[in-house]
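Quick notes on the structure that follows.
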Amino acid sequence: MNSRERVVTALRHKPTDRVPFDFALGFSPYQLAQFKAHTGQEDPNDYFGADVRGTSIGPTRLKTDYSRYIDPASLPAHAYIDEWGQGHIPTESNDQYHSHLEGYVYPMLGLHSAKDALDYPLPDIEAKYRYDQVALDIARHHERGLAVMAGMACTIFEVAWYMRSMELLLMDFVDNQEFAEVLLDRITEKRIIQAQRYAALAPDVIMFGDDVATQRGMLMSVGMWRKWLKGRLARVIAAARQTNPDVIIFYHSDGDATAIVPDLIEIGVDVLNPIQPECMDLFALKRKYGDQISFWGTLGTQSTLPFGTPQDVAQDIQERCEIAADNGGLLIAPTHMVEPEVPWENILAFVESVKKFHR
């Protein structure tokens, strides 16, 4: 099997020669530097033979002026404003373990009415020119026998609160509902077109996702999630499926999203990610839902990968591979970025153990 065949077969609940794997969000800056020092190579995916490559829309040509929402002069010199108008303040540090995380500045803090939400400028993510590189990426990776996932993470909820702030958006769900409806509907309509554009180019997987859970359960009540997000996500997924019935639908939420797994299956999600072992039970999920949904991730980046031994990593991988041996349904990956604390030997143990286990 080549990588593309392995990924598609596994996610369709059929046995493969081995369990496919990838590196999720990739390597942190420190780890990427360590990788280059150890190997002399540039790309961990190519070096280790990961089965999946990602693609996403190209940069915008719009030059939207968000100065009425954020004063650029108020931002630090190293900050920037993205195409949604959100201010980003990257971490500044001379430490080799510098973080990839950022501080946020919310452009919609001062808005109140539904008209404010309607007038706010949104990016042109539906523009056809932004998909030219996606088409090239898909063709190039497929030519190499690799599976391709087109990214649309932060689909609705996250991109909304990145502009509004989580605190105000959750309050809007209760006491400023017209504002929330306009904002979420405008984002949803753009995501529908993006899903259609992606699906027409025939990647193997489309990634959707919003972090809607903490490690202690849902970030909001299940009822609130169903009212505000489930139906909108369902519309975006349906648009992708209507364009390309064969595309695999991937949904990401960090934290413990167990409570909404049946809902996600209902609206057409094929794959759930990342299944953090610190708060979700892969084996229980596999027993209960394994014939309806596949799982992607599962290797703890807060536990085994950074703080276990290579033998611990190998044992975790073997246990996961065993549950997928007969009917697939699993792609193993770190549950988040490979952070600086992860020993090089554990990265090697992860890859070697996945490749070593065969049916």
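Of note:
- Prolate/oblate/rounded call for segment 245-359, Cα gyration tensor, a/c under 1.5 rounded: prolate
- Measuring between alpha carbons in the structure, the pairs from Lys14/Lys227; Lys190/Lys227; Lys14/Lys128; Lys190/Lys230; Lys115/Lys230 lying more than 28 angstrom apart are Lys14/Lys227; Lys14/Lys128.
- Among residues other than Pro310 with Cβ under 13 Å from its Cβ, the summed charge is -3 (Lys and Arg +1, Asp and Glu -1).
- Along each principal axis, taking the top coordinate minus the bottom one, the Cα set of the chain gives 58, 48, 41 Å in descending order.
- Rounded tilt (10° steps) of 132-143 against the dominant C-alpha axis of the chain: 10
- Tensor-based shape of segment 1-74 (alpha-carbon gyration tensor, a/c under 1.5 rounded, otherwise prolate or oblate): oblate
- Neighbourhood charge, 15 Å Cβ-Cβ cut-off, centred on Asp246 and excluding it, Lys, Arg +1 and Asp, Glu -1: +1
- In order through segment 20-30: 3J(HN,Hα) via Karplus (6.51 cos²θ - 1.76 cosθ + 1.60), integer Hz, x for Gly, Pro: x, 8, 8, 10, 6, 8, x, 9, 5, x, 5
- Helix-only [θ]222 nm of the chain, DSSP H runs n ≥ 4, -39500 (n - 2.57) each, per residue, nearest 500: -12000 deg cm²/dmol
- Prolate/oblate/rounded call for segment 80-187, Cα gyration tensor, a/c under 1.5 rounded: oblate
- Rounded to 10°, Cα long-axis angle of helix 231-243 versus longest principal axis of the chain: 60
- 0 to 90° range, to nearest 10: angle between helix 177-200 axis and the chain longest Cα axis: 50
- Charge dipole (debye, nearest 20) of the chain; +1 at Cβ of Lys and Arg, -1 at Cβ of Asp and Glu: 1060
- In sequence order, calculated HN-Hα J values of segment 211-219 (Karplus, 6.51, -1.76, 1.60; Hz; x Gly/Pro): 6, 10, 9, 9, 6, 10, x, 5, 5
- The amide H of Gly255, built 1.01 Å from its N in the peptide plane, has Gln276 as neighbours under 5 Å, considering only residues 5 or more places off or on other chains.
- A protection proxy built from the mean count of other Cβ atoms within 10 Å ranks the segments 130-136, 187-193, most packed first, as 187-193, 130-136.
- Distant-in-sequence amide H partners of Val148 (H built 1.01 Å from N, under 5 Å): Arg53, Asp204, Val205
- Taking other residues whose beta carbon is less than 14 angstrom from the beta carbon of Asp291, and scoring Lys, Arg as +1 and Asp, Glu as -1, yields +3.
- Highest-fluctuation residue, Leu101, Leu201, Leu184 considered, GNM on the chain with Cα pairs under 10 Å: Leu101
Coordinate-derived values only; no laboratory data. Every value quoted in this text rests on a predicted model; they were computed, and no experiment measured them. Counting neighbours? That spans all protein chains shown, and the Cβs are built from the backbone with ideal geometry, glycine included.
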